[in-house]
Amino acid sequence: MRGPESRWVPGFIALGIVWGSSFLFIEWALESFTPAGIVFWRGLLGAVSLGIFLAVRRERLPGKGRHWFHISVVALLLNALPGLLFAVGQQWVSSSLAGVINATTPLMTVMVIFTFFRNQSPTGNQILGILLGILGILFVMEIFSAGSETSAVGVVVLLAATLCYGVAIPYARKYVVNLPYSPYALATAQVGVSALLTLIPALVVGSTYAPASVHSFVGIVGLGIFGTGLAYVWNYRNIQLAGSVIASSVTYITPVVAVILGALLLQELLSVAQIIGGLLVIVSALLVQERWKPLRSVRSITS
């Protein structure tokens, strides 16, 4: 591979694989760890990994109290709470389906922005994306299928997790992204705070309920060191080399990776309705992020 793509494509692919594998890692971790234990160890291992990286770069953590407040809000909404909810939800929902539901994050983000930031109005394509996203969620829940075995509780819990992402992303853009620290320092601080926020629940509930198995150990290490630690490094590096638009396109890869790994390693299979729902959710993400603008194309043809 030659040209500028050779610098960011390997990291882009690695990030898609690691984040897509996170749902498999959660499934394995649940063999021995409680949901509270999973989110705590994920944050702790991720913070240690990022801390080592930060030390090698000789960078410092944020130093002002008000900055730590905003970082803590993001840590709660982007790491601690959704991390717990995904672990809880996957007790009822397969890793493949969890990966598909995670793709509703752009939909949730846009809905939060249009609900709480009234100065922004949705475009026709974004309205279409929201409608298709809601329809996709209904298909994922198999509302239209008789005798469905999909757990509505599990799906709702996972949707609550992506709603947390939807609130956290615009908050981070407004209060955290532009703080005078490197992205790596912000990521280390954020993940470290998430570990602190989840320490007490892990101590109260317990981090394990059974002796650690090989699968559960691999799952925790994969989630912490790779899915939370190195993944942040790859993500910020992709943003620096390729821009935020290309970097965020990894959103469309992760559900595909989750479904493939679920089928190969866990013998999970999505129903036809869930596959249709997943495709609708991905199309919804393209529309609400305005990567695809079919309505503008229609107007240009008829004008």
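A few notes on this one:
- Selection within the stretch 213-254 - part of a helix (DSSP H, G or I), closer than 22 Å to Ala36 by Cα and either more than 15 Å from the chain's Cα centre (by Cα) or at pLDDT 95 or above (or both): Val214, His215, Ser216, Phe217, Val218, Gly219, Ile220, Val221, Gly222, Leu223, Gly224, Ile225
- Candidate set from the stretch 83-140 (those that are farther than 25 Å from Leu223 by Cα and touching an Asp or Glu at 6+ places or on another chain (Cβ under 9 Å)); member that is surrounded by the fewest Cβ atoms within 10 Å (Cβ to Cβ): Thr123
- When Val100 is tested against the conditions (1) under 19 Å from the mean Cα position of the chain (by Cα); (2) of a type outside the set (D, E, K, R); (3) under 23 Å from Arg237 (Cα atoms), the lone failure is (3).
- Filtered residue count, the stretch 185-212, keeping only those that are of a type in the set (Gly, Ala, Ser) and part of a loop (DSSP other than H, G, I, E, B): 4
- Looking at Leu186, Leu203, Leu197, just one residue is more than 25 Å from Val100 (Cβ to Cβ), surrounded by fewer than 18 Cβ atoms within 10 Å (Cβ to Cβ) and either of a type outside the set (Val, Ile, Thr) or in contact with a His (Cβ under 7 Å, 6 or more places away or on another chain) (or both), and that residue is Leu203.
- Looking only at the stretch 13-49, and only at residues there that are among the hydrophobic types (A, V, I, L, M, F, W, C) and at pLDDT below 95, the one that is nearest to the chain's Cα centre (by Cα): Trp19
- Considering only residues in the stretch 54-73 that are touching a Leu at 6+ places or on another chain (Cβ under 9 Å) and among the basic types (Lys, Arg), the one that is nearest to Arg237 (Cα to Cα) turns out to be Arg60.
- Looking across the stretch 255-303 at every residue that is of a type in the set (Gly, Ala, Ser) and surrounded by fewer than 17 Cβ atoms within 10 Å (Cβ to Cβ), the one that is modelled with the highest pLDDT is identified as Ala263.
The values are calculated or read from the model by the stated rules, or taken from the named source; none is laboratory data. These numbers were taken from a predicted model, which means no experiment stands behind them. Virtual Cβ from ideal backbone geometry, glycine too; neighbours counted across all protein chains shown.
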